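Student: Quick one: structure below, then a few questions.
Laboratory data are not the source of any read-out in this text; all were calculated from the coordinates shown. On a predicted model such as this, the values are computed, not experimentally measured, just so you know. Cβ coordinates were reconstructed from backbone atoms using ideal geometry, including for glycine residues, and neighbour counts include every protein chain displayed.
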């Protein structure tokens, strides 16, 4: 694990915290930031792209202007070498990979 940060973007704080906790089980020193607002996550990635090595993003952000597929696509344009994992309770694997994710994991495996 590098010294760079991991960003977890999910509109449900409880799920984001479970993901963070699972990462910390394996990488106790991991620097993880959680964002529940997709627009804020994209803003931070745009300003501090070199600070992050991994984005884990939900696909659906309820009631928000930017959804996960757009967040993934925008993050990929900003930072071509950023590792991106999309997660969702629904099967959006093909869409997530097309948007620029490196991998897709069903939320049931993350939580």
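Student: Quick check on the chain: of the DSSP beta bridges with both residues there, what percent are antiparallel, nearest 5%?
Tutor: Roughly 0 percent of the DSSP beta bridges within the chain come out antiparallel.
Student: How big, in percent, is the set of alpha carbon pairs in region 5-110 lying more than 21 Å apart?
Tutor: More than 21 Å apart: 24 percent of the Cα pairs in region 5-110.
Student: Sticking with this structure for a sec: For Cα pairs less than 8 Å apart in space and 6+ apart in sequence, what is the mean separation divided by the residue count of the chain, i.e. the relative contact order in percent?
Tutor: Averaging sequence separation for qualifying contacts and normalising by length gives 25 percent for the chain.
Student: Additional query: Can you give the Rg to Rh ratio of region 47-91, both from alpha-carbon atoms, with Rh computed by the Kirkwood formula?
Tutor: Computed over Cα atoms, the ratio is 0.98.
Student: Beta carbons within 10 angstrom, averaged per residue: use that to sort the peptides 66-78, 43-55, highest first.
Tutor: Going from most to least packed, we get 66-78, 43-55.
Student: Per the helix-only calculation at 222 nm, which mean residue ellipticity applies to the chain, given -39500 (n - 2.57) for every DSSP H run of n ≥ 4 and division by its residues, nearest 500 deg cm²/dmol?
Tutor: Here the helix-only value at 222 nm equals -12000 deg cm²/dmol.
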